[in-house]
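Read-outs: derived from the displayed coordinates by stated rules, not from any lab. All values derive from a computational prediction rather than experimental measurement. Cβ sites come from the backbone with ideal geometry, for glycine too, and all protein chains shown count toward neighbours.
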Amino acid sequence: QVQLVESGGGLVQPGGSLRLSCAASGITFSLYAMGWYRQAPGNQREMVATITRDGSSNYADSVKDRFTISRDNYKKVLYLHLNYLKPEDTAVYYCTANGVRRTYWGQGIQVTVSS
């Protein structure tokens, strides 16, 4: 059974930082491209950042130079470092594992940026 479990979300002030983690089980982690998506109330789900099996990353323009995606294939954990957070970063953040045949999703974790 595939499980992606996000952690590290919460309430943070504008300009603050968070680190999200996604612990994976039930998949050969190193063989999957991974990603973070988010969905704010009333908005469509959008890509935040992706990372390939060999570590190449891609970011949405809105988070470039503020967020950093990384992975630890030994621990089977995906990370997202969120810096210089803005109120518009408030959303539920989802971890994804992108295989050839299907994409797996975590249950999501809330990030709220507010003073």
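Go ahead and run the numbers for FRET between GLN13 and ASN58, Cβ-Cβ distance against an R0 of 35 Å, rounding to 0.05.
Taking R0 as 35 Å, the efficiency between GLN13 and ASN58 is 0.80.
In whole Hz and in residue order, list the ³J(HN,Hα) couplings for segment 54-67 that follow from phi through the Karplus curve 6.51 cos²θ - 1.76 cosθ + 1.60, θ = phi - 60°; x for Gly and Pro.
8, x, 6, 10, 9, 10, 5, 4, 5, 10, 4, 6, 10, 10
Using amide H atoms built 1.01 Å from N in the peptide plane, name the residues 5+ places from GLY99, or on other chains, whose amide H lies under 5 Å from its own.
Distant-sequence amide H within range of GLY99: TYR104.
From the convex hull of the Cα coordinates of segment 1-45, what is the mean projected area in square nanometres?
4.6
Among ALA49, TYR79, LEU4, whose Cα projects farthest towards the positive end of the dipole of the chain, with charges put on the beta-carbon of Lys, Arg (+1) and Asp, Glu (-1)?
With unit charges placed on the Cβ atoms, the residue in question is LEU4.
For segment 31-89, just list the percent of Cα-Cα distances falling in each 10 Å bin from zero outward, please.
For segment 31-89, the binned pair fractions read 22, 52, 23, 3 percent.
Restricted to Cα positions, what overall size does the chain have along the principal axes? Three whole-Å values, descending.
40, 25, 23 Å, listed from the longest principal axis down.
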